[in-house]
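Take a look at the structure below.
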Amino acid sequence: MAFASQTANPAYAARPRRVAGSVAATGISQAFAMLAGAVLALLVARRFGSGPRTDGFFVAYGVYSLLTLVAQSARTSIAARLVESREHFGAFNAYLGGAVLVFAASAVPFVALAGPLGSLLVNGRPQAEGVARDTLLLLWPAVGGQLFAALAAAMLGILEDFRTAAAAYASGGIVSIAAFLSLAPPLGIRAVPVAVLVGTAVTAVPLVYALRRAGWRPSRLAGAVRAASTLTLGSLALVGTQVLYVVSLALAARVSPGAPTLYTYAYFALGLVMALAVSPVATVLAAPLAATWDRNPASLRPYVEDVFRTGLLVLAPIVAAAALAGPALGRALVPSLGADRVDETVGAFLVLAPSLLSALAIAVPLPALFAAGRYRTVAILFAPVLVLHVLLSAAAVQTGSLRWLAAAATVSSFAVAATLLAALYGRGATRLALALAADALDVLVPAVASFGFGAAVFGRDARAWIVGAGLYAAVVILVMPAHRRLAARLLRALDRRPRAPAQSAPS
């Protein structure tokens, strides 16, 4: 999702409905790709359970995720810059040069310091240390592939070709699963980073072909240093949240062997819910702003509140399903973990779940800050949040509980949301935050009552969720007309099919 002024590109601005439908399709396809990642994580859990080797892989993968988020954020942070440029492919080549510089710099942690960094992250445990080192080395080429794929997807989005990128990411996810199943017997846990690398390559190939077909040709990468700076600064909000996760993961290694793996499973489940329920809602409802925002924060407030309320409607039954049916489902899907570890993972997820509210709160303000070019502001505001998170997490580790570590992460996520809202709205941020809190209560109170009734009758069981979901739907339909209209609006937007791509790039 990108924001641009109406004057930047009139041809692009004239089609907000078309953009909304295309971005909705992209959001759903990204969620499908995320689902493929969830299947891969589930297969890893079933085959390897939790222990030092899985700890080593997941802490290294957390570092890799920092760079993939630099890539993913490009689809948000530079799209407005590409729209504003008269020479779209010239701007794209400049950002491609910036990505090359970022990739080269990533060789320091992934190659030169792979051994020491891996040892630091796993608290010096020998079995985990070797896996972490090898994972960093194997995933370094994938960093370059992810950076290219994200920039290509952003460029194709400007050309109104959303389908190619969506299909490419989904295909890469599916191939990575197949590669893991083939390679796990001979390679063990190291099959996972190899599978990720293969999937990344598959993702990149159709993107290169689509760009070439659209008229792109590589050229001198002028302005690469400035573009690298924009890519890095523009990604700090997303990367910052991942830094918080990596800090939590490294400290989890101080709790017990296997704890980083369990925390990863909980955090990955949170990411899956976000991909399924937060990201598509935000893109569907906020996409019309891509070409019409007047740069006045007050004009964004109705969209902020609509995204927040609609997201809550979707999130409530999902989180309730985890609370009521999660333990039984986890024991059935991953028996190798054992009941106690499944319960610990589900508990950590439920403590992390409130951070989904902070993600909803900034779903529109964050791209707005990027569209206004306030990259440095976002970067500066993150520093005190990082300090707060390190202090809270260090204290949580002393309890020896993953749930307290998850609680520290949740508090930090709200701190991130508060700082970003303050950056956009100034003194008005408090009034907006109170309004969002009231909106949350409007949905959560009937949701808790509905699912709580089901739990009182059936206990912690899938039947409790079915009864609760029926009551919750009835309440929304009968006594919450405003929320009912939002739900209908979301369904209509998701049903809108994207039209054929434009014949040429908008000028």
Rank these for me by crowding, His389, His88, going from fewest to most other beta carbons within 10 Å.
His88, His389
Can you sort Met155, Met274, Met480 by how many other beta carbons sit within 10 Å, fewest first?
Met480, Met274, Met155
Normalising by the residue count of region 369-490, find the relative contact order in percent from Cα pairs under 8 Å and 6+ residues apart.
15
What ³J(HN,Hα) values, in whole Hz, does the Karplus curve 6.51 cos²θ - 1.76 cosθ + 1.60 give for region 117-127 when θ = phi - 60°, with x put for Gly and Pro?
5, x, 5, 4, 6, 9, 6, x, 6, x, 4
How large is ³J(HN,Hα) for each residue in region 445-458, as worked out from phi by the Karplus curve 6.51 cos²θ - 1.76 cosθ + 1.60 (θ = phi - 60°), to whole Hz, x for Gly and Pro?
4, x, 5, 4, 5, 5, 6, x, 4, x, 5, 5, 7, 10
Considering Cα pairs under 8 angstrom that are at least six residues apart, work out the relative contact order of region 10-495 and quote it in whole percent.
21
Please list 44-51, 120-127 highest first by mean number of surrounding beta-carbon atoms within 10 Å per residue.
44-51, 120-127
Note to self: C-alpha centroids of region 370-415 and region 192-257 sit apart, in Å, by 22
In debye to the nearest 20, how big a dipole does region 294-393 give about its Cα centre with +1 on each Lys and Arg Cβ and -1 on each Asp and Glu Cβ?
300
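Every number here is computed from the coordinates shown, using simple stated rules; none is lab data. Worth saying up front: this structure is predicted, and the values here are computed from it rather than measured. All Cβ positions, glycine included, derive from the backbone under ideal geometry; neighbour counts span all protein chains shown.
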